[in-house]
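Student: A single structure is presented below for examination.
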C-alpha cells in the first residue's frame, strides 16, 4: 500500500511539474522551466523505483508481529511415506506425497531498517518450498527425496537482488526454515515472526510425536 501511494503521488506531482514547465517555457522563464522539468524527472524516477520494488516484492506477504503461514496435515500411506495436505495463509491448498521422517518448510524474510519501517515499509516474507527430510545423514544421502516449490518466479526478485548488494535501508534478508517429525493424523501450524518460522503441534497426534521426538 505504501509503495502504491508513493508511486501515485510521484506520478501526479511529476505530471504537474511537467505541465508547469511547459507554461514557464512559453512565458520564456527558462530557469524556472528547467527546474520544473528536472523536478518532474526526479519524481518520475522515484515512481519507477517504487514500481520496480513493488514488482520485486510480488509473492511476498507483509509481516507484522507473529502471523500464520500454513497448516500441515499428514496421512501415512506407507513406510516413511505420507500424504501432506498443505493450506497456506492466503487460502491456497495443495496435496504433496512426502518421503522421510520429518517435514521442512523454508521461507525468505526481507526486513527494513527503522527509517523505512517508520514510513510504512513492513517486513515481508515468502514461503519457498516444502520437503521431506531424514533423521539420519546416510538416509539423506541415499534415500528418495521429495521437495516442492511453493512460489511462482517473479520478473524481478527483490530478495535475490538485494542480497548481492549492501543497502542502507535493508536490515536483514535471509532464509529461514522449520522442521518437525511427520506422523499419521498429525496437524501442525506454522507462524512467522521477525526472527523466522515457528512450528507448533495443532492436535493430539502431533503433540504425541513431538513429545517423543529427540
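Taken together, the values in this text are just the output of simple stated rules run on the coordinates, not laboratory data. Everything numeric here is computed off the predicted structure, so don't read it as measured data. We place every Cβ from the backbone using ideal geometry, glycine too, and count neighbours over all the protein chains shown.
Student: Determine the gain in length on full extension of the stretch residue 23-residue 194; use 0.36 nm per residue of separation and subtract their C-alpha separation, reporting nm with one decimal.
Tutor: 56.5 nm
Student: Still on this structure, I have one more. Could you work out how much longer the chain between residue 151 and residue 83 gets when fully extended? Use 0.36 nm per residue separation minus the Cα distance between them, nm to one decimal.
Tutor: 22.5 nm
Student: Sorted from fewest to most neighbouring beta carbons within 10 Å, what does the list 136, 76 look like?
Tutor: 136, 76
Student: Points 7 angstrom from Cα along the Cβ direction at residue 12 and residue 140: gap in nanometres?
Tutor: Calculated label separation equals 5.4 nm.
Student: Once the principal axes of the Cα atoms of segment 172-214 are found, what is the range along each, listed largest first in whole angstroms?
Tutor: That works out to 36, 19, 14 Å along the principal axes.
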